[in-house]
Amino acid sequence: MTTFSQQTHTTMMRIIRHILVVICLLMHHHVSLADDTLKIAFVGKSESKKQQDLIKQTQQELQRKQLLVHADTYASDVFFKALKKDPDYDLIVAIGSKVTQQLRRQPTGIPTVSIFISSIGYKNDPLPQHTAIFIDQPPSRYLALIKEILPHSHTVSLLYSDYSDNFYQQLHQAATQQQLQVNGQKVSNENDIYSALDNAVQNGDVLLAIPDPNIYNRRTIKTIFLTSYQDEIPIIGFSDSYTTAGAVSSLHSTISDISKQLAETIVYFTQNGKTLPASSYPRYFHISTNSKVANSLSITLDEPSTLKKIIK
């Protein structure tokens with residue numbers, strides 16, 4: 001009996017030691033996972049539903065990619081105070097141009113991804129590591145849409161200012177490659193818009209609207225739409241709201257589109273030694289159309305889903 005008890009005791013001790021070793025290994029593994037968790041600060045308007053949806057969808061995308069992330073959300077006015085107490089972020093997601101400008105003035109030394117920022121007027125920032133996912137579309141994509149829905153168009157009219165001069169240059173180059181002409185009308189101040197608009201509608205087959213606030217704003221947008229409509233010149237826009245307002249069609253990226261690309265950027269960041277990819281136009285996009293305006297201008301439109309399969 002004694003021998004049996006000693007054997008039993010010895011066996012139990014071995015089992016206990018084995019269990020303890022396994023527990024230690026699991027605890028070590030847990031710590032490793034915690035160490036691997038990416039700490040991200042989302043900075044913008046913390047009460048914004050748009051921002052909340054973006055963060056939620058980005059986290060869902062990252063979960064599907066099995067990437068562990070700890071995310072904090074800040075309003076831009078309190079972020080820099082919070083950063084002094086907790087500076088150990090791996091990545092900042094700057095939501096909007098105002099936050100990006102703040103980070104330019106107050107560099108943190110933390111790699112940063114800017115989103116909901118236009119390529120038009122965009123300048124490289126003196127940040128240690130910085131990339132942007134632009135909200136507007138590449139010129140070649142706009143032109144591909146124009147050629148698809150307005151196949152007989154030869155000249156694309158564009159109103160632009162110093163702010164959007166870089167986009168005009170890109171559009172001109174892309175148009176040459178697609179055998180289209182660009183009627184670019186530069187606007188120096190708001191008083192010049194209407195004479196430039198007359199030239200654009202008189203000497204173009206389509207007017208391409210771009211997110212240049214010097215030209216397209218609350219004071220001017222109604223006149224631009226009415227003038228182009230009266231002269232039967234279709235407008236191609238850059239947002240769903242422009243399609244609703246009277247553009248024949250628009251290219252735009254949704255929150256889901258941006259969050260998907262943002263998640264891919266974050267995965268790239270983790271898999272490439274915490275370096276960021278180059279700034280880029282949105283990889284994913286949607287097309288909206290206004291059939292009433294199209295019918296009034298005798299334009300035949302395919303369904304947005306059909307157009308999306310063609311446009312790259």
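Points worth noting:
- Checklist (1) in a strand (DSSP E or B); (2) surrounded by fewer than 19 Cβ atoms within 10 Å (Cβ to Cβ) applied to Thr244, failing item: (1)
- If you go through the range 293-305 and keep only what is within 20 Å of Ser153 (Cα to Cα) and of a type outside the set (Asp, Glu), you end up with Val293, Ala294, Asn295, Ser296, Leu297, Ser298, Ile299, Thr300, Leu301, Pro304.
- Set Gln185, Gln179, Gln202: member being surrounded by 15 or more Cβ atoms within 10 Å (Cβ to Cβ) and more than 22 Å from Ile287 (Cα to Cα): Gln185
- The range 288-305, residues that are β-branched (Val, Ile, Thr) and surrounded by 15 or more Cβ atoms within 10 Å (Cβ to Cβ): Thr289, Val293, Ile299
- Selection within the range 27-68: residues that are in a helix (DSSP H, G or I) and under 20 Å from Ala82 (Cα atoms). The member of this set that is modelled with the lowest pLDDT is Gln51.
- Taken over the range 72-106, the criterion of being in a strand (DSSP E or B) and either surrounded by fewer than 17 Cβ atoms within 10 Å (Cβ to Cβ) or among the aromatic types (Phe, Trp, Tyr) (or both) is satisfied by Asp72, Tyr74, Ala75.
- Residue selected from the range 128-157 under the condition surrounded by fewer than 17 Cβ atoms within 10 Å (Cβ to Cβ) and touching a Pro at 6+ places or on another chain (Cβ under 8 Å), by the criterion modelled with the lowest pLDDT: Pro128
- If you go through the range 252-275 and keep only what is in contact with a helix residue (DSSP H, G or I) (Cβ under 6 Å, 6 or more places away or on another chain) and not in a helix (DSSP H, G or I), you end up with just His252.
- Checking Ile210, Ile255 one by one, the residue that is closer than 30 Å to Leu67 by Cα, within 16 Å of the chain's Cα centre (by Cα) and β-branched (Val, Ile, Thr) is Ile255 and no other.
- Restricting the search to helices (runs of 4 or more DSSP H) fully inside the range 107-217 and requiring at least 1 residues that are in contact (Cβ under 8 Å) with a residue 60 or more places away in the chain, assigned by TED's automatic domain parsing to the domain that holds Leu301 and touching an Asp or Glu at 6+ places or on another chain (Cβ under 8 Å) gives 139-149.
- Here the range 218-241 is the region considered, the condition is being touching a residue at least 40 places away in the same chain (Cβ under 8 Å) and among the charged types (D, E, K, R), and the residue that is surrounded by the fewest Cβ atoms within 10 Å (Cβ to Cβ) is Glu232.
The values are calculated or read from the model by the stated rules, or taken from the named source; none is laboratory data. Computed from a predicted structure; not experimentally measured. Cβ atoms come from the backbone with ideal geometry, glycine included; neighbour counts cover every protein chain shown.
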